[in-house]
Each structure stands twice: as structure tokens, then as C-alpha cells.
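Heads up, the thing below is written out as C-alpha cells.
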Amino acid sequence: MQALLPLSPDGASRLNDRISVVRENQEWTYFYGTDPIFRHPKEDRRSFRMFTSQLFCQGACRQTDIIRTFGVSANSVKRSVKKYREEGVAGFYRSGKVRGPTVITEQVVVQAQELLNHGRGRREVADELGIKYDTLRKAINQGRLHEPAGPEVSADSSDTTMSDGDPPRVASDKSERSVGDASA
């Protein structure tokens, strides 16, 4: 019986007995034996993900071969394989999702601010204007909308009255109130 010599180009990293890859001049070149079968620039992640997924789906290599040879995560290989199976080659080259139209327009800002000023809650305002609660929350957090401060406490209220030597009262937290309730 004659022994077969492994056929791979000089400097190649082997994925398995048949497939190898070489990086030269900022390009990856994939070989089947000594024949080049695909090439892409080193920085072209889309082509890398597409071709390695294709190799796996066609049974030319295993996911572990890709992970070991290129040092990528198992999850990234699995995501790429899923994309290849569901969308094909074109799935890797589609442009990303584009942001939708602006929801918080000037007119919506005016209406929302008016409702907030009249004491309406965030959920009520969002429902009435037909916008998502999180969209309204983000607008408030970004300072595009302002919630009015809570009810004003009068200066003569018993909670805030201090004599000249008394320290100001500090609000208690839930834990402190629980301790106080248990001791009562």
C-alpha cells in the first residue's frame, strides 16, 4: 500500500486533510489540496463568514476545524451557519437595517409636554400619543421633554419644620422603615 503525502501549499494552515488556508499580502486564500478555491481580503469579515459557513454546510469541514484554525468563537460560527442556511450567500452582503422615521417630532414634543405639564403619567402620555413608552422615556432622559416636579411641600409643613438646632430630616429607605415597623 502506498502512503499519501498531504497536499497543501507552503505555509498553509490546515483545516483538515483536504482544506487549507494561507494568508499572504493581506489576503486569505483557501485551497482544496493544492488548488485555490476562494480568496478574500484579510479584513473582509463578510466573505470570511460566508465562505467558512459554506465549507461547513457542504460537508468540507467541521465547525471545530474553523474555530481551531481561525481562533473564532463557536457562537460566531453557529450564527454564520444559521445565516447561510436561512438566507444563503446574499444574506452576508445585504446592507444593515436602516433606522425608521423620527417618532418624537416637534408636534409630538409640544403635545407630550402639555400632557406632562397637566400631571399625566408617562404611560398615559405614550398611549394617548400612540408612541412607545420607551421612546417617551428616552426623550425625557435626554432632556427633550421635562416632567414637572412633584407636589411642592409648603415651608410650614410639619415634615420639614426645624428648630434652629435640629438637623434636617433625611428620608428613610425601605429597610429602615421595615425595622421601624417591626419594632412598633
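The values are calculated or read from the model by the stated rules, or taken from the named source; none is laboratory data. All figures in this text were calculated on a predicted structure; none of them were measured in a lab. Here the Cβ is made from the backbone with ideal geometry for all residues, glycine too, and neighbour counts use every protein chain on show.
Look at Tyr93 and say whether it is buried (at least 17 other Cβ atoms within 10 Å of the Cβ) and aromatic (Phe, Trp, Tyr). Break it down into steps so the answer makes sense when it comes.
Details: buried (at least 17 other Cβ atoms within 10 Å of the Cβ): no; aromatic (Phe, Trp, Tyr): yes.
Taking the combined requirement at face value, the residue does not satisfy it.
If only one of Val110, Val125 is out of contact with any helix residue (DSSP H, G or I) (no Cβ under 8 Å at 6 or more places or on another chain), over 30 Å from Met50 (Cα atoms) and not in a loop (DSSP other than H, G, I, E, B), which one is it? Write out each step before concluding.
Numbers: Val125 fails: out of contact with any helix residue (DSSP H, G or I) (no Cβ under 8 Å at 6 or more places or on another chain).
Only one candidate passes the filter, namely Val110.
Okay, residues lined up against (1) farther than 30 Å from Gly130 by Cα; (2) assigned by TED's automatic domain parsing to the domain that holds Ser20; (3) surrounded by fewer than 17 Cβ atoms within 10 Å (Cβ to Cβ):
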site	(1), (2), (3)
Ser53	yes, yes, no
Cys57	yes, yes, yes
Thr69	yes, yes, no
Ala74	yes, yes, yes
Val103	no, no, yes
Val108	no, no, no
Glu114	no, no, yes
